[in-house]
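Okay, structure first, notes after.
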Amino acid sequence: KNTGVWFNKNHKEYERFELMQYTGVKDKNGTEIYEGDIVILNDTEEENRCVVKYKYGSYILVDGDLRENLSNVENRFLEVIGNIYENSELLEE
């Protein structure tokens with residue numbers, strides 16, 4: 001499972017958390033990109049807000065019908081702006 005609970009020293013439930021897997025890629029600002037991150041992909045005339053997902057043995061960028069393998073995109077075209085757990089409103093249009 002990718003979820004867990006953080007306990008304080010008195011063994012009381014403190015905070016729930018989601019584990020996020022590092023992709024091995026950094027964005028144009030040097031920020032590490034994790035599964036579940038929301039990134040701006042800006043390598044065309046338009047800007048796409050994508051979610052990083054792990055599918056089919058690799059990390060992909062997903063935005064509607066757009067599916068792009070993360071390893072095929074240069075870092076200079078990527079910028080992390082949040083993640084699906086804390087900033088899901090960034091995906092709303």
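Please work out which one of (1) at negative phi; (2) in a loop (DSSP other than H, G, I, E, B); (3) modelled with pLDDT under 90; (4) not hydroxyl-bearing (Ser, Thr, Tyr) is the condition Asn29 fails and give its number. Of everything listed in (1) at negative phi; (2) in a loop (DSSP other than H, G, I, E, B); (3) modelled with pLDDT under 90; (4) not hydroxyl-bearing (Ser, Thr, Tyr), Asn29 misses just condition (3).
Looking only at residues in the range 56-69 that are under 12 Å from the mean Cα position of the chain (by Cα) and within 16 Å of Gly24 (Cα to Cα), which one is most open to solvent (accessible area, probe 1.4 Å)? Residue satisfying both the conditions and the ranking: Tyr59. The set of residues in the range 70-93 being surrounded by 12 or more Cβ atoms within 10 Å (Cβ to Cβ), not in a loop (DSSP other than H, G, I, E, B) and not aromatic (Phe, Trp, Tyr) consists of Leu70, Asn75, Leu78, Glu79, Val80, Ile81, Gly82, Asn83, Ser88, Leu90, Leu91.
The values are calculated or read from the model by the stated rules, or taken from the named source; none is laboratory data. Everything quoted here is computed from the prediction, not taken from an experiment. A quick note on method: Cβ atoms are made from the backbone with ideal geometry, for glycine too, and the neighbour counts reach across all protein chains shown. The accessibility values were calculated without ligands, DNA or RNA, using every heavy atom of the protein model including side chains. Shrake-Rupley method; radii C 1.70, N 1.55, O 1.52, S 1.80 Å.
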